[in-house]
Amino acid sequence: MVFRLIIVLFFFSVGVFSQEKFIKHKISKGENLTVIAKKYGIKAKDIEEANPNAPKVLKLNSVLLIPNTNKKGAAKKTEVAASTIPASISTPVSVPGLHEVAAKETLWGISKKYNVSVDDLKKANPLLETEGLKIGQQISIPSNTVVASAPIIENPQPSIVSDVEVSREVLSKETKYAIAKEFGITVAELEKQNPQIKKKLKVGSILKIHVSQEKADALESLKSSQPILEPAIQVAEDTTVKKDSTSVFRISNHSDLVNQLIVNATENIGTRYRSGGTTKAGFDCSGLMICTFSNFDIKLPRSSIEQSRIGTKVGTDEAQKGDLIFFKTNGRRQINHVGMVVEVVDGEIKFVHSSTHGGVMISSTKEPYYQRTFSQVNRILE
């Protein structure tokens, strides 16, 4: 009897220890180890060590064990405490004065959520002007706009939306990305409001864009003072930088575009490899790059060898997010594989690519295969 009691107590203590040591995380679409690690404030390596048998390509809805920390433990207790609040009272939208940036969020979307202007958010967070939004980033919300707790009202009256529809003519050499940035929305939102531009943006066509009255007034004021606007993306006239480069794309708000490119590419993780593929039905390596960049009106050559001839060749110690990374696989003498850099940490370059043996995934230059076949890094965005 005493022996059985000891066994029961042992398994109970192990269960409690495991619950305290790890948190279970269900993988959502577009997530990878880097994104998940940032969400929990830990390193991707910690998650790998906690899940030694996890596949390199994360599967949707599968579960990972996340190492728990005191901070997360405290957060868990807060969640339990929150569950005891009467159902008649709504919980706060966020920590007063702060908002954690989630995947795919934009400044425009956050401004709508808290009923503030994009300009107010930028004034409260000066780094947004130069660095843009980052997943997991904590940004300050002007104190007079934080949504406070309030009783739930039965059958509430619909709120009055102060959006107005603005007509916008597409000018020569303009891009969807440039127009979207002008109105503080994403390319996806612009296409949703104007389905006819999904395949091609035609010069002279009229777009209908919904914005706040405040934004519309600000745009009208800007238009009267600066009637001619330079496109945000253009191919530089003098594009020859080095002997092995032919062109670079000059980008305004560079970091914001790079983050959107990474989100767009990693949303395809798990998509199968398909020779010649350039759609979600299947990608080859250069096809994934073409599809990702074309979503932001940046046209790349079709093959990996051709893509290696554009932009500026940089050293591995200079590699940045958004750069293209090239390899010579299968013992070939010329480049035949390409990916896009998504993270650079302590000399390790992580990149998203479409692999013949695993489809779209994130790999690392620390892996022996890619260490051996690495060729070069090209910067095509400046």
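The values are calculated or read from the model by the stated rules, or taken from the named source; none is laboratory data. Predicted model, so just to flag it, every value in this text is computed and none were measured. Counting neighbours? That spans all protein chains shown, and the Cβs are built from the backbone with ideal geometry, glycine included.
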If you check THR356 against the conditions, is it more than 17 Å from SER286 (Cα to Cα) and assigned by TED's automatic domain parsing to the domain that holds THR279? no
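This table checks each residue for (1) modelled with pLDDT of 95 or more; (2) in contact with a Phe, Trp or Tyr (Cβ under 6 Å, 6 or more places away or on another chain); (3) within 20 Å of ASN264 (Cα to Cα).
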position: ASP323; (1), (2), (3): yes, no, yes
position: THR329; (1), (2), (3): no, no, no
position: GLN334; (1), (2), (3): no, no, no
position: VAL341; (1), (2), (3): yes, yes, yes
position: VAL345; (1), (2), (3): no, no, no
position: HIS357; (1), (2), (3): no, no, no
Any residue in region 189-207 that is in contact (Cβ under 8 Å) with a residue 12 or more places away in the chain sitting within a Cβ distance under 8 Å of a residue that is assigned to a loop (DSSP other than H, G, I, E, B) and among the hydroxyl-bearing types (Ser, Thr, Tyr)? List the pairs, counting only those 6 or more apart or interchain. GLU189/THR106; ILE197/SER205; LEU201/THR175; VAL203/SER172
Look through region 326-339, keep the residues that are more than 16 Å from TYR273 (Cβ to Cβ) and in contact (Cβ under 8 Å) with a residue 24 or more places away in the chain, and return whichever of them is farthest from the chain's Cα centre (by Cα). GLN334
Out of all the residues in region 310-323, is one or more of a type in the set (D, E, K, R), under 27 Å from THR279 (Cβ atoms) and buried (at least 22 other Cβ atoms within 10 Å of the Cβ)? yes
Across (1) at pLDDT below 80; (2) touching a strand residue (DSSP E or B) at 6+ places or on another chain (Cβ under 9 Å); (3) surrounded by fewer than 18 Cβ atoms within 10 Å (Cβ to Cβ); (4) among the polar types (S, T, N, Q), SER140 clears everything bar (1)
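Condition first: on the phi > 0 side of the Ramachandran plot, outside the structural domain of ASP297 (by TED's automatic domain parsing) and at pLDDT 75 or above. Can you find one or more residues in region 164-182 that meet it?
Within region 164-182, the subset on the phi > 0 side of the Ramachandran plot is 173.
This time we only want the ones that are outside the structural domain of ASP297 (by TED's automatic domain parsing), so: 173.
Next, only the ones that are at pLDDT 75 or above stay: none.
No, because not a single residue in region 164-182 is on the phi > 0 side of the Ramachandran plot, outside the structural domain of ASP297 (by TED's automatic domain parsing) and at pLDDT 75 or above.
Can you pull out every residue in region 19-44 that is over 24 Å from ASN268 (Cβ atoms) and outside any loop (DSSP other than H, G, I, E, B)?
Correct list: GLN19, GLU20, LYS21, PHE22, ILE23, LYS24.
When the residues of region 106-122 are narrowed to those that are under 21 Å from the mean Cα position of the chain (by Cα) and among the hydroxyl-bearing types (Ser, Thr, Tyr), which ends up surrounded by the most Cβ atoms within 10 Å (Cβ to Cβ)? Spell out the reasoning first.
Within region 106-122, the subset under 21 Å from the mean Cα position of the chain (by Cα) is 106-113, 118, 121-122.
With among the hydroxyl-bearing types (Ser, Thr, Tyr) added as a condition, the list becomes 106, 111.
Values: THR106: 20, SER111: 22.
Looking at residues that are under 21 Å from the mean Cα position of the chain (by Cα) and among the hydroxyl-bearing types (Ser, Thr, Tyr), I get SER111.
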